[in-house]
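Encoded as structure tokens, the structure appears first; notes follow it.
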Amino acid sequence: MITLQMYREYLGDYLKKYHNISDLKSFFKCLNPEHKDNHPSMMYTHKYNICKCFACGANYNIFSLIAQDYHLTDFKDQLNKLKELYLGYVPKIEEYQEIDEPLKDYTNYYELCFKNRFKTNYLETRGIHEPLLQKYHIGFDENKKRMIFPINKNCYFARNVEGKEKYKSKGKSDIWNRKVLENSTEKTIIYVTESIIDALSIEEVAPELLTVSINGVGNIMNIVKILNDVNYKGTVIIAFDKDAAGVTASQNLKEELVKNHIQVFENSLITSFEDAKDLNESLILNREKLQKNVKYFSQNYKEYIEKTKKSKDVLL
Ligand SMILES: [Zn+2]
């Protein structure tokens with residue numbers, strides 16, 4: 001059995017891997033976000049499995065650091081995250097609570113919610129507007145106060161407009177917008193995001209781009225399987241969040257795609273890193289800037305792929 005003490009031993013490795021601290025015997029920059037540490041003042045002590053700042057007094061063990069990095073207040077969630085990172089343990093649907101209802105055909109429910117979409121301005125406040133609500137038939141459940149994102153007729157994702165809770169109905173949970181992965185050519189470029197709202201944020205500033213969302217970093221293998229199933233021939237741009245979880249997931253997905261001979265680039269596309277940790281925050285913060293960034297990179301990827309395809313044709 002693994003004891004809590006054994007888990008605490010992971011701190012040193014976690015600092016190296018997820019905070020890029022290469023030398024654990026020297027001071028490093030304080031991890032307390034409140035402390036602007038210009039002269040590195042934090043030190044790791046293996047004996048106690050903690051790191052402590054000698055300027056501001058902040059100290060962390062593996063659990064309190066994971067709590068901070070992943071915004072997890074529950075100890076159980078912190079432990080699950082640690083297991084996920086170190087023991088290959090992946091909770092099935094990472095961020096979503098499963099709705100306790102039997103498998104249903106939600107077609108009529110989607111229609112009703114879609115009609116009620118004007119009864120909330122939730123997505124508007126997040127920079128997502130009517131054309132995308134129409135495109136994806138996104139609606140609002142007035143009674144439960146949830147935005148409803150249909151995945152297929154038996155399955156949807158939902159999020160509370162007041163709290164942060166996310167839900168998933170029963171049913172086969174495909175990734176968001178999986179249909180764009182079908183009928184690909186060598187010129188197809190797909191942007192993969194963590195959350196649906198991030199995918200919509202890309203489409204807000206560049207409606208011509210094809211996006212999918214994996215609905216939580218725990219679902220990486222899901223998209224790898226689908227890409228194989230549909231014999232995907234194009235390129236994948238991984239546009240995950242710029243936090244520890246996103247960066248790790250991005251690297252893992254990239255490795256899997258390379259193994260499967262799928263051309264892949266990692267690019268969060270996020271602007272203003274200091275203030276925005278995901279694409280939607282970028283959109284809310286500065287729409288024009290995000291648009292410029294997305295257009296710049298997407299144009300470059302397009303040209304690069306056309307060029308490499310042409311030279312391949314010449315070689316053949
Ligand atoms: Zn400090």
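Coupling constants for the stretch 221-229 follow from the phi torsions by the Karplus curve (6.51 cos²θ - 1.76 cosθ + 1.60, θ = phi - 60°), and in residue order they are 5, 4, 6, 4, 5, 5, 4, 5, 4 Hz; glycine and proline get x. Note on the chain: antiparallel DSSP beta bridges, both residues inside, total approximately 60 percent of the bridges counted.
Between N121 and N252, how high is the FRET efficiency from 1/(1 + (r/R0)^6) when r is the Cβ-Cβ distance and R₀ = 30 Å? Nearest 0.05. Once rounded, the FRET efficiency stands at 0.25. Per residue, the convex hull around the alpha carbon atoms of the stretch 4-87 comes to 90 Å³.
By the Stokes-Einstein formula, at 0.890 mPa s and 25 °C, the stretch 223-305 with its Kirkwood radius over alpha-carbon pairs has D equal to 178 µm²/s. Diffusion of the stretch 97-168 by Stokes-Einstein, at 4 °C in a medium of 1.567 mPa s and with Rh set to the Kirkwood radius over alpha-carbon pairs, works out to 106 µm²/s. Between Y304 and T185, the FRET efficiency estimated from the beta carbon spacing at R0 = 22 angstrom works out to 0.90. Averaged per residue, the stretch 97-168 has 56 square angstrom of accessible surface, using a 1.4 angstrom probe with ligands and nucleic acids left out. In a simple Cβ point-charge model (Lys, Arg +1; Asp, Glu -1; nothing else charged), the chain has a dipole of about 360 debye relative to its Cα centre. Summarising the amide proton neighbourhood of F240: residues at separation of 5 or more, or on other chains, whose placed amide H is nearer than 5 Å comprise N267. Here the Karplus curve 6.51 cos²θ - 1.76 cosθ + 1.60, taken at θ = phi - 60°, turns the phi angles of the stretch 303-310 into couplings of 5, 4, 5, 5, 5, 5, 5, 4 Hz, with x standing for Gly and Pro. Looking at the square roots a ≥ b ≥ c of the eigenvalues of the Cα gyration tensor of the stretch 155-258, which shape do they give, rounded for a/c under 1.5, prolate if a/b is larger than b/c, or oblate? Rounded, since a/c falls under 1.5.
With Rh defined as the Kirkwood radius, the inverse of the mean 1/r over Cα pairs, the Rg/Rh of the chain is 0.99. With all protein chains in place and a 1.4 Å probe, the accessible surface of the stretch 4-87 carries 52 percent carbon and sulfur. In the chain, helices alone account for a calculated mean residue ellipticity at 222 nm of -12000 deg cm²/dmol, with every DSSP H run of four or more residues adding -39,500 (n - 2.57).
The values are calculated or read from the model by the stated rules, or taken from the named source; none is laboratory data. Quick caveat, the model's predicted, so the values are computed rather than measured. Cβ: placed from backbone, ideal geometry, glycine included. Neighbour counts: every protein chain shown. Protein only, heavy atoms only, side chains kept; ligands, DNA and RNA dropped before computing areas. Shrake-Rupley method; radii C 1.70, N 1.55, O 1.52, S 1.80 Å.
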